[in-house]
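Inspection log for the structure reproduced underneath, given as structure tokens.
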Amino acid sequence: MRLSTANTFNASIANLQQRQQKLQETQQQLTSGKKIASASDDPTGAARAERALVSIGRVDANQRALEASRNSMTLSESALGDANELLQQMREAMVAAGNASYSDAERAGIANKIAGLRDQLLSIANRPDGSGGYLFSGQGSANPPFLDQNGGVAFTGVAGNIQTGNMDNFPLSINGEQAWMQAPTGNGNFETMALKNALNPLASAKGWIDAGRVSNPSALTGHNYYIGVNGTAPTQTYSVYDSDLGGAVVKTDTFTPGKAISFDGISTTISGAPVDGDQFQIKPSTNTLKVFDVIDRTVAELRTPLRGQAEISQSNSGRIRDLDAVMGNLQNVRSQVGERMNNLDGTESRMAALKQYSKSEQSAAEDLDMTQGISEFQNQQTGYDTALKTYAMVQRMTLFQYINV
Amino acid sequence: MAAAFSARVNDQQALGLDLSNPPGKGPPIFAVGAPRSLPATTNLRNPDGSFAVNVGLTINNPKQLQASSYKLQADPAAPGSYQITRLSDGLVRSVAEGDSVDGFKFSLGGATPGPSDSFLLEPVSQAATNMKRSLDQATGIAAASPLTARSEVGNKGTMTVDSMYAVNSNVDPGKAPIKIAFGDADPADASKLLYTLTLADGTIYSGSWKAGQPIGNSPNASPPIDLGFELKLNGLPRKDDQITVEATKFTSANNGNAKAFLNIQTETFVGQRLQADGSLAQGATINDAYASAMSDIGSRVQGATYLSSVSTSVAANAEAERSGQSGVNLDEEASRLMQYQQGYQAAAKVLQAAQSIFDELLKLAAR
């Protein structure tokens, strides 16, 4: 077959250009490190890489939410720790106030100390979270969530907490209502208190009732009870009435101050010197004990002058019991916060692993294997070099070289 | 995909509250190109040259939009109805004016189309090219949900509120506060709990709840509850536990609608198809739709590149053939040149010899 010279030249040029283009492509792959420059290089690989990229983006967004949550939880935990310190100081003051040799003036001094600590506690409850909100604002509050009003401190936010997070849920705030406003009253199961004398409504009880304890959990009924003391010392009797059953008498026995009174799974002790007609009430606990109400009541009672010994003992034991209850509630919330922070740590390491997996998916789909790339590049380089050399040699060979005409 | 995505985002945006003062419905974030219809040049024309019939398109259900253009003709078999051909796969359907086809409706204006008139309908072809952001202020992002839920103090169960956001325009903060109270186990299904939902005006709904099911959006239940919001709970409520749903008081701290936006990531709303039996085939999530669109284009380009290389080599062969027939090989020409040169010299030599013979003859004759 005859080869036209023009065709030969054209074919060589086309060949050279093709080699040059391949060389340039490989060079581009080497410089960018990716073997997929456009979707058409490997459509399924591109789709795989795209999905992996999406997963990495989601993990990043989740990571940001986790950081915000961790910040908030750390601040909340330290705030609760500070609050616990203050309440502990108040409790010590209360225990000191139980000293029988204290006079009204000394008790008023302790009341002032507690009132001062109360203000500090209020500022802890209203602590901001550094980004415009408040730590204990629950599901949101425009102003500081705890407002000191005429009737006591009120919570002006919305209960609950704000959650953030892309693939998980991380808390961004604490439910202030639950932490500061919803401690259980009494000892967690029931609350005891002294009432005015049934025969003489102006006189208060001359004995005091302790916080009581549960002796048999399965026998608890959750009803309201009254304990009435009848007779004069030393032959007194007591009767326990169940007001939810219409005043039915549950138990009646001789009364000895300081001896335990047990009924329906409840065991309580009345001490002091109660007189005929003294009444005490037992009612089921509700979750309505507010920290600031307890403190306000403590201060008010400590400042009340001219109280009897029984009243003082009842008031002290009752308020210490309430302080323990609110401290326990705050401690509960604090350990919940600690648990959530633990959870955040676990989630963080899990997400780091997920991101690592997605990155290696993406890399497997679109990254160039450097060794392979370099050897291919050198191969093509040699090939191009050879093509150029042979072209130069062949192009020189023409008949005119040998014809001297 | 662009049309479905922007419509979904704009819808959720309208269901939330933004940061304007007072908080209002969020304005739309995206604007896409409008659908268009093109008449064929052979359609009936008015005396002044404009087309007699024009077709208007409106999109009413972006989730069911398909990536295709359509051809509209009058149905010869049934006068008054029209034939729509989906050009991506050739599916022909007979519809009346005003029916919803693949997420859009068409309406005819002007005269009645003649039997040979046809129109090319493109509901989504302009959507992506003309997609732009139409919200400039960051305060317009509606991250707050119009309703907030909280569980009551006295609840004895382990239930907490997981998320609460609006899902369709039936949501009405005027119906709040809404109280939801749980009761006994459902006699029909022991794993469900009965609950009653009381609106602010006293209307009572009842339903049964199973762990993982949202409350407030069950239009197919009996009786239907279609309040426009979805409340999801964690944990397990006990009998007499209550939840109160109120209008959001502090919108600057609420992120309920933002969580709804996050759920769009995993929602399959692109390209849902209505099957022949009336059921709805699942669409794709936005990421899957994008990845498959990208790989679709990639494989088409790959195919085109391959075809182009095939036709390049076919062209090269044809060129070699042609130039083999009609081209010139310089070596061949050079050697032929020398050959004809020598032949010419030889012929010239013959002439020279003939001439000298004639000269001799004439010399002989001249004596």
Task: Residue among A:Thr235, A:Tyr357, A:Leu16 farthest towards the positive dipole end of chain A, charges placed on Cβ - done: A:Leu16
Open item on the list: Please rank A:Met341, A:Met94, fewest neighbouring Cβ atoms within 10 Å first, as an exposure proxy.
Closed with: A:Met341, A:Met94
Open item on the list: Using only the alpha-carbon atoms, what does segment A:1-50 span along each of its principal axes? Please give whole angstrom values in decreasing order.
Closed with: 52, 22, 12
Task: Protection-proxy order for peptides B:19-31, A:172-184, B:125-137, each taking the mean of Cβ atoms within 10 Å per residue, highest first - done: A:172-184, B:19-31, B:125-137
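Would you compute, from DSSP H runs of 4+ residues alone, the mean residue ellipticity of chain A at 222 nm, taking -39500 (n - 2.57) per run and dividing by the full residue count, rounded to the nearest 500?
That comes out to -18500 deg cm²/dmol.
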TODO: Note down the magnitude of the dipole of chain A about its Cα centre, charges +1 on Lys and Arg C-beta and -1 on Asp and Glu C-beta and zero elsewhere, to the nearest 20 debye.
DONE: 1100 debye
Task: Shielding score for B:144-155, defined as the mean number of other chain Cβ atoms within 10 Å - done: 3
Open item on the list: Distance between the C-alpha centers of segment B:308-367 and segment A:315-391? Whole Å please.
Closed with: 82 Å
- [ ] Loop only per DSSP, at most 15 neighbouring Cβ atoms within 10 Å: give me the chymotrypsin sites (Phe, Trp or Tyr not before Pro) in segment B:45-150, ordered by residue number.
- [x] none
TODO: Measure nothing but the geometry: give the 0 to 90° angle between the long axis through the Cα atoms of A:370-396 and the longest principal axis through the Cα atoms of chain A, rounded to 10°.
DONE: 20 degrees
TODO: Compute the whole-percent fraction of alpha carbon pairs in segment A:144-205 spaced more than 19 Å apart.
DONE: 61 percent
Open item on the list: Under 5 Å between amide hydrogens, which residues at least 5 positions from A:Asn166 or on another chain qualify, with H placed 1.01 Å from N in the peptide plane?
Closed with: A:Asn62
Open item on the list: List the residues, sorted by chain then number, that are 5 or more residues from A:Trp208 or on another chain and whose placed amide H is less than 5 Å from its amide H.
Closed with: A:Ser271, A:Gly272, A:Ala273
Open item on the list: Restricting things to Cα coordinates, could you compute the convex hull volume per residue of chain A in Å³?
Closed with: 235 Å³
- [ ] Within a 10 angstrom radius of each residue's Cβ in B:291-303, how many Cβ atoms of other chains show up on average? Whole number is fine.
- [x] 6
Open item on the list: If the only charges are +1 at each Lys and Arg Cβ and -1 at each Asp and Glu Cβ, what is the size of the charge dipole of segment B:107-202 around the Cα centre, to the nearest 20 debye?
Closed with: 300 debye
Task: Vicinal HN-Hα couplings computed from phi for segment B:115-132 (Karplus, 6.51 cos²θ - 1.76 cosθ + 1.60; Hz; Gly/Pro x) - done: x, 9, 6, 9, 10, 9, 9, 10, x, 10, 5, 8, 5, 6, 5, 9, 7, 8
Task: Amide H partners (placed H, <5 Å) of A:Val158, local residues excluded - done: A:Gln139, A:Gly140
Task: Under Karplus coefficients 6.51, -1.76 and 1.60, residue-wise ³J(HN,Hα) of segment A:337-353 in Hz, glycine/proline x - done: 4, x, 4, 5, 5, 4, 4, 4, 4, x, 5, 4, 5, 5, 6, 4, 5
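Compute the relative contact order of segment B:84-145 as a whole-number percentage, counting only Cα pairs closer than 8 Å that sit 6 or more residues apart in sequence.
Details: 20 pairs, mean separation 8.6, N = 62.
After rounding, I find 14 percent.
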Task: Quotient of C-alpha Rg and 2.2 N^0.38 Å, computed over the protein assembly as shown - done: 1.66
TODO: Using the charge dipole of chain B (Lys, Arg: +1 at Cβ; Asp, Glu: -1 at Cβ; taken about the Cα centre), state which of B:Tyr82, B:Phe5, B:Ser20 has its Cα farthest towards the positive end.
DONE: B:Ser20
TODO: List, in order, the whole-Hz ³J(HN,Hα) value for each residue of segment B:211-222 obtained from phi through the Karplus relation with A = 6.51, B = -1.76, C = 1.60 and θ = phi - 60°; use x for Gly and Pro.
DONE: 4, x, 8, x, 10, x, 9, 10, x, 9, 7, 10
Task: Per-peptide average of other Cβ atoms within 10 Å, ordering A:367-375, A:62-70, B:203-211 highest first - done: A:62-70, B:203-211, A:367-375
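Using a 10 Å cut-off around each Cβ of peptide A:247-259, what is the average number of partner chain Cβ atoms that fall inside? Working shown, then result.
Working: counts 0, 0, 0, 0, 0, 0, 0, 0, 0, 0, 0, 0, 0.
Across A:247-259, the average partner-chain Cβ count within 10 Å equals 0.
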- [ ] Any chance you could give the angle, 0 to 90 degrees and rounded to 10, that helix B:2-15 forms with the longest Cα principal axis of chain B?
- [x] 20 degrees
Task: Cα-centred dipole magnitude for chain B, charges only on beta-carbon of K, R (+1) and D, E (-1), debye, nearest 20 - done: 380 debye
Task: Positive-end extreme of charge dipole, chain A - chosen from A:Thr254, A:Ala100, A:Thr286 (charges on Cβ) - done: A:Thr286
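Just so you know, all these numbers are worked out from the coordinates, no wet-lab data involved. Quantities reported herein were computed from a predicted structural model and do not represent experimental measurements. When we count neighbours, we look across all protein chains shown, and the Cβ atoms used for this are built from the backbone with ideal geometry, even at glycine.
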